[in-house]
Amino acid sequence: MSPFKRWFAAATLLVAAVVAGPTSASPRSLTRTVADAITEMDVERARRWLDRIDANSPAVVFERARLAVYLGECELAATMLNVPQFLDSKEAVQLAALAQSCARATVAGFVVEDKERGIWLRMQDDSDRALAPFIFDVAARARDAVGRDLGVDLPKPLRIDLVRDLFSLSAVSGLPLTAAETTGTLAVARWGRVIILTPRATGLGYPWQDTLAHEITHLMLTRASRDQAPLWLQEGIAKREETRWRAERAFDDPNWADVIARTALVSGRSVGIDKLGPSLAMLPTAEAASTAYAEVTSFMDFFLREAGEPGFRMLLADLRGYGAEGGADGGASQRDGLFTFGVEAALGSGPSEAAARGRSLGTEREREPGTRASARRSKTHASSCVASGSVDLLSRRGHAKPASIEYDLALPQAKEEPAVRWRAARASLAAGDRAASERNLGVLADINHPHYGWLALTGRFQRELGRGAEGDADLLHALGLNPYSEDAACEGHFTLGGGQPDTLPKDPAWRALCEEASIAAQD
Amino acid sequence: MRGVPERFGRTLLLTDGKREVPFTSDAAGGVVARWNLDSDAELRVGARFGEVLVLEAESIPLRALSDLAPKVVLEGAPKTLELAKLEQLELRYDVSDDHGLRQVDLVLRSGGREDRRVLGKLDGESRTERGAHALDPRDPFLRRMFLPVSVTIEARDNDVAGANKWGKSEPVTLLPPAVGEPEALRYKAIAAARDQVTDWLAALLEPVGELTPEQRAERRRTEDERATKVSAALRDAATNAYAGLRVNAGAEAFLVGQSRALERRSPTAAAMQRKVEEALLAVDAALRALGQRDAQTVAKRLGDVAEEAAEALKEARETEAQRQRLHRYQAAMTALQRGAEQLIVLDALGQDLGSVAAGETRRIRRGEQAGSLLEAELAARHLAARLRRPMPSFSSTGKGGGVESGHGGGGGEPQGDATKAHDRFNQLQEEIERLVEEHRSGIDQVERALSEAEDQADLEGLRKEAAERAAKLRDKFEELPSSGGSPDSVRGTSSLAREHGNAMAQRLERLMLEDGVESGRSARSLLEDAKKKAQQNPGYVSESDLDDAARELAEQLAWAEQALERQRQKASDRARDALSEMGRKEQELARRAGNVAGQGAHGDASLPDQLLDGLEQAESVMREASRELEAGRGKRGLELQREAQRLLEQSDTGRLDQEDDSGRRDSERPSKNQDGKEMSTDADVPRPDDRKAAEEFRRRVLEGLSRDKGQRLSPAVQRYAEGLLQ
């Protein structure tokens, strides 16, 4: 480059920096601009700036490496940071360690992309590819719905890393493994990506759809606040938004957070939003994490009732603009006061009343008939476990008739247990007694919590009875809980004692998932 | 080269025309020069006068023969063997060298690992060496390997001038089983037996209508047959070896106990259903525990395989020998894939970890197929680290796992074991362990009480008399031959009689009356035998010498027996109160042993017949010992206590979940001596730094040697042990 050209490029850069916002043209402020762009996940803007900066100072190289991590190119980041000049920088050493562990867990991953909807998905285990269409669908819907709610537009593509186990989740996210194990972390929104555990990792699945929506909300809040949103705000809003992207489902309970927070406060087990630490995933127990989620959600519900949507958006803007000068903690006193006030309000008037008074952020949703507040788990659960121990073995060997006789005996002791009802209904159906199967399965009012197997079989029966819409909703709900269970993936069809269900789903995506689930069931 | 110069004062040298080596004085009137022969040469002696060299006319032509590497022939090599089917690998070798041998090594190689063991160090003069070495398939190096192992014999010659030359035999290649294959075979076998129990339960649950008496009898007969068949299948699964691997002793006892429970007849159909269901749940719980433990062990070993693949890839990237390293990588990947297939079999944890391993193996392959060895290496390192931490893919210390979002998840599955049979089995085993310990302590107390009582006796007079009698005995036995031919000959038998007679004399001197009497009885029997042989084959040994020795022996033996009886009586009298108390304790321990046997016979944690028999016998012997002790017959009581202790220890198989890392192998059965009596060979040898344990171990070994009252140990060994204990 000639001296003139170099001068011209620098001058252009300076003008661009000035035009772009309040940043000055000094190298330090340019680096800050790049860092902000990366934090806001605006990787194209960050890349443009970095392309213009003709410098290889440690700060610039560090930002290039950080951008690579945000793009999921951990191996590249590790290579950039593997130079002696970074040995004295604690921040760089930490990022280098993360890049290395992330590279080991993600290199040669199986990448699929939905370009039309702007979702990029990298799977550690290519067996998960059957789940990809469903992930794309949920991610796109959640991103759009939460974006509308929060007034935030997330740049495309949205990057998702689907990892095989907690060990890999820890390696990719940097969250300490022991902390992840302690609280049972399923997903993390960090480095501009959602890093989420495959549902096959947990054996019995988990509500992966809501978890994905939860993490997408975190990314949006990070972008909107330039990562200055305090933890209580992050978690409170994410928890609130995780179910708002979809139609309401059975056992959705709008008051759950108030109920748990109130119980915790009364019993002295409250965590308190000022004691959350750096992450809820690093709280000492899963119970503490659960209580903390309830408290922050309850608090944010209260905040939104009191301040309304405009107030919330102003808070985000405030955090984004003045974060570095104390924006993150700027509302600390107000926060504490609000929290105490909110909980006291909940204690005084009771959760239902408090909820009834509240204003909703976004659209109000219809509740499905039959939806019940979460009830206590059956005390007879243990006895039913004992009763069904050998019966499960009978079922697995394909002895449907004897199994159904045994389940019939166990059922009266565990009438509210959907797992037992589902087992009994399966065995009856396999034994050729459809009427007994429907009787054993019962209806929504008979059970005390959602169960993938129960929902899948109910969905199948609904469809077979001509109630397609209700059946589809139940099957989607089952899929959202445990997509790798044969019953959920195969639309309520199953096999006892191995093989593949006689009836496979017609939809190619469901069919592929059903085949994958059948393989997993036989292993 | 040596020589004697005709004229002194000349500069003599040796040359091939290119190089010159000067002669030097040998201090004996001659000269000497040393020429290193690297190749053929024609040497001449010359005298140098400044620039002028005068050469002798006659030359010395030399032809160099190159030193060859040793030649090693390994019998049967090359050949390939399956390690799992091998009892022992015998390696017979012949080594030869043209100059001399210095060392012979056994070399084991697998992937990048090498283990070199010196079989012999030689003097460098011997040109041939022949030997044999037995390689055990349980050798630690072999057991750790997952890639084919090349076994060679290698020899080094005595060439000190150049680099040592190593000769190498053709290899014997050992193919190890897939990582986890024995464990998977074991799991499948027990699972198949469990499935038979499940099928039986299903048949019992099928509703049957009214049956005629004939139909009932027929059904009964069918059920009996089924009980025998299913029980045998379970017993076989528990006791078989799987590629050399066996079930640990605790689990074997548990499963065989369940097999015994299944064989028991039940009074009613409902009782039979209950019995079969309980056995099914118990076997299932044991199987799951075994699968879980095996999955962790196998995963860790598979982690080593992944590390091997990663190392091979690293070396392939960084060294020139890429082809060999990639070959090593491919071998490791094959082992990894095969191991993942085995791991998936091992219950829920194995299925989880095996699925991780299979998925990650595909990721490593994707990296390799994309042409990036670095990516493949990084993925392999991640897998290695993951498998070395064999935890479930998702775990939480919270109840049922914390779910970050979507409260009210897909849980609600019945969890936990539906049977407590394995817990009760472990409780029974713990009670047996406690019994063994407490009973051992009781024996120690009786021994101490008797010993203290004997110490209190005035032995000075007895010692003097015993010494005099020992001297007389020795005099007579001195006349017998001290060594003989075969043990069956007259001289051999006489010599052995002399050995026992002398042993008796020595023990009398030390006032070890009981052992002395025993030696005397052996000597008496041998003398009688020798006398008969001497009459049939006269002339080899003097019959009168034999008669003299027998007369003297009879007298001293009678005296020793009486003295022993008197001494015992006195000791027992002195220890009567203490023995009585110990008898009561023995009674209590007997009651507890009976309780364990009762619970093991009738509870759901059924114990195998062999163990029950052992416990019941132990109880009976302990009760007898108790009676003897309470009656003040300490020595007899002690003998019975020792017998009971042996029976109790046989019943102590350990817990169901004990580690079987060493994996009781097929050939790890207790060894038997010539009489078919079992001799334990698995004593724990304490570490040298554990002084107390080491001292205790030494005491037990010596006491074990000295107290052995069987005929397994020769009198010489007994006397040796006694000498050590003095």
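State the extension gain, in nm to one decimal, for the chain segment bounded by residue B:327 and residue B:215, taking 0.36 nm per residue of separation less the distance between their alpha-carbons.
Gain in length upon complete extension: 33.6 nm.
Averaged over peptide B:372-380, how many Cβ atoms belonging to another chain are found within 10 Å of each residue's Cβ?
Averaged over the peptide's residues, the number is 4.
Given 10 Å bins starting at zero, what is the percent of C-alpha pairs of region B:448-552 in each, up to the one with the largest pair distance?
With a bin width of 10 Å, the distribution comes to 16, 43, 24, 12, 5, 0.
Roughly speaking, what is the stretch gain from residue B:646 to residue B:232, that is 0.36 nm per residue apart minus the C-alpha to C-alpha distance, in nm to one decimal?
146.2 nm
Rounded to the nearest 0.05, what FRET efficiency do residue B:203 and residue B:602 have when you use their Cβ-Cβ distance and R0 = 22 Å?
Efficiency for this residue pair is about 0.35.
Apply the Debye scattering formula to region B:474-617, with a single equal point scatterer on each alpha-carbon and no solvent, then give log10 I(q)/I(0) at q = 0.09, 0.10, 0.16, 0.21 Å⁻¹.
Debye intensities relative to I(0), on a log10 scale: -0.52, -0.58, -0.80, -1.12.
How are the C-alpha pair distances of region A:73-148 spread across 5 Å bins, as whole percents from the shortest bin up?
3, 14, 18, 14, 13, 13, 12, 7, 4, 0
Taking the Cα-to-Cβ direction at residue B:6 and at residue A:443 and moving 7 Å from each Cα, how far apart do the two end points lie in nm?
Using points 7 Å along Cα→Cβ, the separation is 13.6 nm.
Could you tell me the calculated FRET efficiency between residue B:94 and residue A:83, based on Cβ-Cβ distance and R0 = 56 angstrom, to the nearest 0.05?
About 0.45, to the nearest 0.05.
Beyond 43 Å, how much of the Cα-Cα pair distribution for chain B remains, as a whole percent?
56 percent
Rounded to the nearest 0.05, what FRET efficiency do residue B:85 and residue B:123 have when you use their Cβ-Cβ distance and R0 = 51 Å?
0.80
Have a look at A:206, A:166, A:109 and report the one farthest towards the positive end of the charge dipole of region A:92-246, computed about the Cα centre with Cβ charges (Lys/Arg +1, Asp/Glu -1).
Selected residue: A:109.
Using +1 on the beta carbon of Lys and Arg, -1 on that of Asp and Glu, and nothing else charged, what's the dipole of chain B about the Cα centre, debye to 20?
820 debye
Take the alpha carbon atoms of region A:451-523, find their radius of gyration, then divide it by 2.2 N^0.38 Å using N residues; give the quotient.
Normalised Rg, Cα atoms only: 0.98.
Could you work out how much longer the chain between residue B:555 and residue B:317 gets when fully extended? Use 0.36 nm per residue separation minus the Cα distance between them, nm to one decimal.
Full extension of this stretch gives 76.8 nm more.
When the gyration tensor of region B:169-317 is built from Cα positions, what are the square roots of 5 times its three eigenvalues, in whole Å, from largest to smallest?
Output for region B:169-317: semi-axes of 44, 15, 13 Å.
Could you tell me what % of all Cα pairs in region A:45-174 have separations over 21 Å?
51 percent
Show me the three semi-axes of the equivalent ellipsoid for region B:76-137, from the C-alpha gyration tensor (sqrt of 5 times each eigenvalue), largest first, rounded to whole Å.
Semi-axes (√(5λ), whole Å): 25, 14, 10.
As I understand it, the dipole of region B:38-159 uses +1 on the Cβ of Lys and Arg and -1 on the Cβ of Asp and Glu, about the Cα centre. Which of B:112, B:68, B:140 lies farthest toward its positive end?
Of the candidates, B:140 comes out farthest on the positive side.
Zone of residue B:26 (label point 7 Å along Cα→Cβ, backbone N under 17 Å): which residues in region B:43-73?
Label zone hits: B:45-46.
Stokes-Einstein at 37 °C, 0.692 mPa s, Kirkwood radius from Cα pairs: D for region B:1-88 in µm² s⁻¹?
194 µm²/s
Return the Rg/Rh ratio of region B:193-277 with Cα-based radii and a Kirkwood Rh.
My calculation puts Rg/Rh at 1.06.
Neighbour counts of other C-beta atoms within 10 Å: give me A:90, B:476, A:156, B:635 arranged from fewest to most.
Neighbour counts put them in this order, fewest first: A:90, A:156, B:635, B:476.
In debye, nearest 20, what is the charge dipole magnitude of region B:59-135 about its Cα centre with +1 on Lys and Arg Cβ and -1 on Asp and Glu Cβ, if you could check?
Dipole of region B:59-135, to the nearest 20 debye: 140 debye.
In Å³ and rounded to a whole number, note down the convex hull volume per residue for the Cα atoms of region B:263-337.
So the per-residue Cα hull volume is 88 Å³.
When only DSSP loop residues count, what GluC sites (Glu not before Pro) in region B:251-349 have their Cβ near at most 11 other Cβ atoms within 10 Å?
Filter output for region B:251-349: B:320.
Could you estimate the translational diffusion coefficient of region A:144-222 from the Stokes-Einstein equation, with Rh from the Kirkwood formula over C-alpha pairs, at 25 °C and 0.890 mPa s, in whole µm²/s?
For the chosen part, D equals 189 µm²/s.
Report, in cubic angstrom per residue, the convex hull volume of the C-alpha atoms of region B:112-237.
Convex hull of Cα atoms, per residue: 147 Å³.
Is there a quick way to get the dipole size of region B:129-259? I mean about its Cα centre, with the Cβ of Lys and Arg at +1 and of Asp and Glu at -1; what is the value in debye to the nearest 20?
220 debye
Where a number appears in this text, it was derived from the coordinates with a stated rule and is not lab data. Keep in mind it's a predicted model, so treat the numbers as computed, not measured. In this analysis, Cβ positions are derived from the backbone assuming ideal geometry, glycine residues included, and neighbour counts consider all displayed protein chains.
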